[in-house]
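Undergrad: The structure under discussion is supplied below as structure tokens; questions concerning it will follow.
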Amino acid sequence: MAATIIVNSSADDVNDHDGLCTLREAIVSANGNAVSGGVAGECAAGQIAPTVDTIAFAIPGAGVHTISPTATMPQINQIVTIDGYTQGTAHANTLAIGNDALLLIEIDGTNVAGTLFNIVGGGSSIVRGLVINRLAATAIYVDSSDFNIIAGNFLGTDPGGNTFQGTTGTPIQIRGNSNVIGGTTPADRNVIVGGSGANAGTILLMGTNGGNFIQGNYIGVSADGTTRLQPPGGTDAIEILVSPGTTIGGTTAGARNVIVGTIRGIRLGGGGLTTNEVIQGNYIGTNATGTAGLGGQGITTDNGASNTTIGGSAPGAGNVISGGGTAIFLGDGAAAFTIRGNKIGTDASGTHAIPNSGNGIEIQVPGAGSIIGGTVPGEGNIIAFNCGRGISFGSAPTFTQWAMLGNSIHDNGGLGITLANSSQPLANDAGDGDTGSNKQQNYPVITSAPISVGTATISGTLNSTPNTTFRLEFFASDRCDASGFGEGGTFIGTAQATTDIAGNAAFSQPTLPLPGPGVVFTATATDPDGNTSEFSQCFGTADLLFRDGFEPSC
């Protein structure tokens, strides 16, 4: 039978024979499976694993009870649930958006030099319902331990969850398999604010194990979901430094994290061992409703992260990455990234602007099996209203094989796609023999687009590599870039074009649907290796020049 060990004192003593059970004594009881606190056995004995003991709280008096440890707590090496919601009238959150949790157990780490809770061994422990703040190091460190759950806590905040409370360390560090930070129900939501010290972060995953889950949390965001909550100098929200197969978010609303990191929202690093991560359904850089920007960066890579999925085609899989700097930066060896179904620079509806101050996606690596968008409905990204470019490439000749298919790219401050980190479109060259990012693939030239009964027939030519079949994609927009070359507001169809021995092909694609009146047409070309061109020159008469009336906050 499992033991319930009741903490009835906010003191921090051990074996003092005072007849009261402190949190420190309770952990000793759970670890040792014996009574602790003095000869009278002030704390009940824990039970041998796999029995799960519970450390509950019944400290006399109303309001928040603050425990002020003078040193790190004993290592947790037996299965235990530490449940702050057992104190008095405390209760977990019930709101889908925001937080009505009442937490009444606060642990003030001012006098703790090292980690507060260190979970080691077999794992399967739970820490919930605690406020932990003012630490110089880590609040909860899972060290070579699996299947632990950290849920329903306020870390680095006051008991209300809306004020940063002096933490200088990294609140959570995980080294292990299948651990869960948060969960998919409102009661599981952690509010976590990173530390203000040098090299401090918010959530750090490391070690060669993996399969961990970060779901349903407010990270760098106040408990009510409305305000950026960051320490002076800023911090990263989530860092993965070797933790393969981690899931951040999910396809259900309950799995969504709201993530604001003033340095980086999500950093993927790890010496080539950060791989097979899934990042889905999160709001990165916005408030909890996805309607306003809170700042910070989006997703960045370094040190060889690979085989990562950002978004997806399933309902709820796409992330909103808006209101920050550059939304997605891929560099330093990143490879085999799949970026689909995201809203970058917009609100959660995909229709209103929450601009990123930088580029939507910035690429500084070879494709190596990567794709942005896709050929199946739901795979295309919306990349719009960003103050920089939609998709921007460095000009290195190795940055090739980046297929960009089926996306909606519009109303960005710079070019929709640039293959040379340029403010002006590249010129086509005869035979397309030049080098550079995506081989500086030539774009099609639209020569006619007669409209009849809500459809258009788009015709034109492509000059590129001889004897090659290309995928052409066609787009309609209500305006052009100031350069006269297009972005691609609405993807309306595709065609194939095969060049002859001289590298020339003609195309004519009838009955392409129009999204509305007053449109201009653009096109891209993608070769068999996945090298997609910039957008072509616009064809047609736009209602507005691109810059007129835009710049919502650029």
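Undergrad: Check Asn77, Asn111, Asn148 and return the single one that is among the polar types (S, T, N, Q) and under 26 Å from Val258 (Cα atoms).
TA: When all the criteria are applied, what remains is Asn148.
Undergrad: Give just the number: which of (1) without any contact (Cβ under 8 Å) to a residue 12 or more places away in the chain; (2) closer than 19 Å to Thr526 by Cβ does Thr351 not satisfy?
TA: For Thr351, the failing item is (2).
Undergrad: Picking from Ile391, Ile417, Ile446, which residue would you name as being more than 21 Å from Ile372 (Cβ to Cβ) and either touching a residue at least 24 places away in the same chain (Cβ under 8 Å) or of a type outside the set (S, T, N, Q) (or both)?
TA: Ile446
Undergrad: Would it be correct to say that Ala456 is farther than 22 Å from Thr511 by Cα, aliphatic (A, V, I, L, M) and either out of contact with any Asp or Glu (no Cβ under 6 Å at 6 or more places or on another chain) or modelled with pLDDT of 95 or more (or both)?
TA: Spelling it out, it is not the case that Ala456 is farther than 22 Å from Thr511 by Cα, aliphatic (A, V, I, L, M) and either out of contact with any Asp or Glu (no Cβ under 6 Å at 6 or more places or on another chain) or modelled with pLDDT of 95 or more (or both).
Undergrad: Further question on the same structure: Against the definition (hydrophobic (A, V, I, L, M, F, W, C), within 21 Å of Asn303 (Cα to Cα) and at pLDDT 95 or above), how does Ile363 come out, yes or no?
TA: Criteria met by Ile363.
Undergrad: Moving to a separate point now. Could you please let me know if Thr398 is crowded, with 16+ Cβ neighbours inside 10 Å, closer than 18 Å to Gly367 by Cα and over 24 Å from the mean Cα position of the chain (by Cα)?
TA: No.
Undergrad: Let me ask something additional. Which residues, counting only those in segment 116-149, are aromatic (Phe, Trp, Tyr) and crowded, with 20+ Cβ neighbours inside 10 Å?
TA: Phe117, Tyr141
Undergrad: To continue, here is another question. Give me a count of the residues in segment 379-401 that are of a type outside the set (Ser, Thr, Tyr) and touching a Pro at 6+ places or on another chain (Cβ under 8 Å).
TA: Result for segment 379-401: 5.
Undergrad: Going by what's in this entry, would Gly63 be described as surrounded by fewer than 22 Cβ atoms within 10 Å (Cβ to Cβ) and in contact with an Asp or Glu (Cβ under 7 Å, 6 or more places away or on another chain)?
TA: No.
Undergrad: Could you list all residues from segment 352-407 that are of a type in the set (A, V, I, L, M), touching an Asp or Glu at 6+ places or on another chain (Cβ under 6 Å) and within 22 Å of Thr309 (Cα to Cα)?
TA: Ala384
Undergrad: Go through segment 261-277 residue by residue and tally those that are without any contact (Cβ under 8 Å) to a residue 60 or more places away in the chain, surrounded by 20 or more Cβ atoms within 10 Å (Cβ to Cβ) and either among the aliphatic types (A, V, I, L, M) or farther than 18 Å from Thr301 by Cα (or both).
TA: The total comes to 1.
Undergrad: Do you know which of the residues in segment 159-193 that are outside any loop (DSSP other than H, G, I, E, B) and farther than 18 Å from Ala223 by Cβ is modelled with the highest pLDDT?
TA: Only one residue fits best here, namely Val180.
Undergrad: A follow-up question, please. Search segment 330-359 for residues being crowded, with 24+ Cβ neighbours inside 10 Å and in a strand (DSSP E or B), and hand back the single one that is farthest from the chain's Cα centre (by Cα).
TA: Looking at residues that are crowded, with 24+ Cβ neighbours inside 10 Å and in a strand (DSSP E or B), I get Thr346.
Undergrad: If you don't mind, there's one more thing I want to ask. For the subset of segment 83-118 comprising residues that are β-branched (Val, Ile, Thr) and in contact with a helix residue (DSSP H, G or I) (Cβ under 7 Å, 6 or more places away or on another chain), which member is farthest from Asn287 (Cα to Cα)?
TA: Among those that are β-branched (Val, Ile, Thr) and in contact with a helix residue (DSSP H, G or I) (Cβ under 7 Å, 6 or more places away or on another chain), it is Ile105.
Undergrad: Wholly within segment 430-505, which strands (runs of 3 or more DSSP E) include no fewer than the required count, namely at least 3 residues that are surrounded by fewer than 18 Cβ atoms within 10 Å (Cβ to Cβ) and among the polar types (S, T, N, Q)?
TA: 455-463, 490-498
Undergrad: Please pick out the residue among Asp188, Asp108, Asp146, Asp158 that is among the charged types (D, E, K, R) and out of contact with any strand residue (DSSP E or B) (no Cβ under 9 Å at 6 or more places or on another chain).
TA: Asp146
Undergrad: Where residues in segment 243-284 are part of a loop (DSSP other than H, G, I, E, B), touching a strand residue (DSSP E or B) at 6+ places or on another chain (Cβ under 8 Å) and aliphatic (A, V, I, L, M), which of them is modelled with the lowest pLDDT?
TA: Ile263
Undergrad: Taking into account only those residues within segment 360-373 that are within 17 Å of the chain's Cα centre (by Cα) and in a strand (DSSP E or B), which is surrounded by the fewest Cβ atoms within 10 Å (Cβ to Cβ)?
TA: Applying the filter and picking the extreme gives Glu362.
Undergrad: Then there is this: When the residues of segment 111-158 are filtered to those that are in contact with a Lys or Arg (Cβ under 6 Å, 6 or more places away or on another chain) and not in a loop (DSSP other than H, G, I, E, B), which remaining residue is modelled with the lowest pLDDT?
TA: Per the criteria, the residue is Asp143.
The values are calculated or read from the model by the stated rules, or taken from the named source; none is laboratory data. Owing to the predicted nature of the structure, the values given are computational and were not obtained by experimental measurement. Glycine also receives a Cβ, built like all others from the backbone with ideal geometry; neighbour counts cover every protein chain displayed.
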